[in-house]
1. Quick one: in segment 118-130, of everything that is open to solvent by 100 Å² or more (accessible area, probe 1.4 Å) and over 20 Å from the mean Cα position of the chain (by Cα), which residue is farthest from Ala168 (Cα to Cα)?
2. Restricting attention to segment 18-42, which residues are under 17 Å from Val73 (Cβ atoms) and hydroxyl-bearing (Ser, Thr, Tyr)?
3. Give me the residue from segment 68-104 that is of a type in the set (Asp, Glu) and under 23 Å from Leu25 (Cβ atoms) and, out of that set, modelled with the lowest pLDDT.
4. Would you confirm, using the coordinates I've provided, whether Glu137 is out of contact with any strand residue (DSSP E or B) (no Cβ under 8 Å at 6 or more places or on another chain), farther than 24 Å from His93 by Cα and open to solvent by less than 100 Å² (accessible area, probe 1.4 Å)?
5. Name the helices (runs of 4 or more DSSP H) wholly inside segment 1-98 in which the number of residues that are closer than 25 Å to Leu167 by Cα and open to solvent by 30 Å² or more (accessible area, probe 1.4 Å) is 2 or more.
6. Of everything in segment 99-121, what is in a loop (DSSP other than H, G, I, E, B) and closer than 29 Å to Ser155 by Cα? Give them in sequence order.
7. Take segment 30-58 and flag every residue that is closer than 24 Å to Asn3 by Cα and of a type in the set (D, E, K, R).
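The values are calculated or read from the model by the stated rules, or taken from the named source; none is laboratory data. Predicted model, so just to flag it, every value in this text is computed and none were measured. In this analysis, Cβ positions are derived from the backbone assuming ideal geometry, glycine residues included, and neighbour counts consider all displayed protein chains. Please note that ligands, DNA and RNA were not included when accessible areas were found on the heavy atoms of the full protein model with its side chains. Shrake-Rupley method; radii C 1.70, N 1.55, O 1.52, S 1.80 Å.
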Amino acid sequence: MKNKAEILLHPVRMRIVQALLEEKLTVYQLVKKLGNVPQATMYRQLSALVDAGLVLVSEERLVRGTPEKIYCVVDEHLQLSPQDIAAYSQDEHLRFFMVYNTHLLMEMQQYLLSRDVENYIEDGFRYGITPLHLSEEEKIEFFDRYRALIGEFVSKKPSPDRKLIKLATTFIPTGD
């Protein structure tokens, strides 16, 4: 079986996971939401995600006598573990990072082309680099607090008064 990063960083599978992070969906709903993914491709890529334990069938219901599956992500399996990270070579990490950044670039392009420049500030559009000078103890504290803060906001469910925003993070040690 392919490793977790290879499975997650496939362009279509990455879009499927992102859609399922927002809400539970059927194959039909996924095809409709993603727009340009043929149904046969959707089934094939969903199957790879299910086989890897990254997505599961959360419920099944009958629709006009035909079983329909509703999919969701397995949140705790989406992050790379320290063992996963240690198992990949430098070249693999570079390849994964390029795929990740290509996906971000596509997301950015979609956003920028869909909105007028005047809306960027109001939308909360931001990007930048923030250098942090931390001791090992401070770094641990930072990551613990960061995970807690993100966890608090990720748990908020979609509602009419909430707009989806996507936070993409990359932590790059300097190696010093």
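1. Looking at residues that are open to solvent by 100 Å² or more (accessible area, probe 1.4 Å) and over 20 Å from the mean Cα position of the chain (by Cα), I get Glu118.
2. Across segment 18-42, the qualifying residue is only Thr26.
3. Restricting to residues being of a type in the set (Asp, Glu) and under 23 Å from Leu25 (Cβ atoms), the top hit is Glu76.
4. no
5. 4-8, 11-22, 27-34, 82-87
6. The one that is in a loop (DSSP other than H, G, I, E, B) and closer than 29 Å to Ser155 by Cα: Arg115.
7. Arg44, Asp51
Conditions tested, residue by residue: (1) among the charged types (D, E, K, R); (2) touching a residue at least 60 places away in the same chain (Cβ under 8 Å).
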| site | (1), (2) |
| --- | --- |
| Leu80 | no, yes |
| Ser89 | no, no |
| Thr102 | no, yes |
| Leu105 | no, no |
| Lys157 | yes, no |
| Asp161 | yes, no |
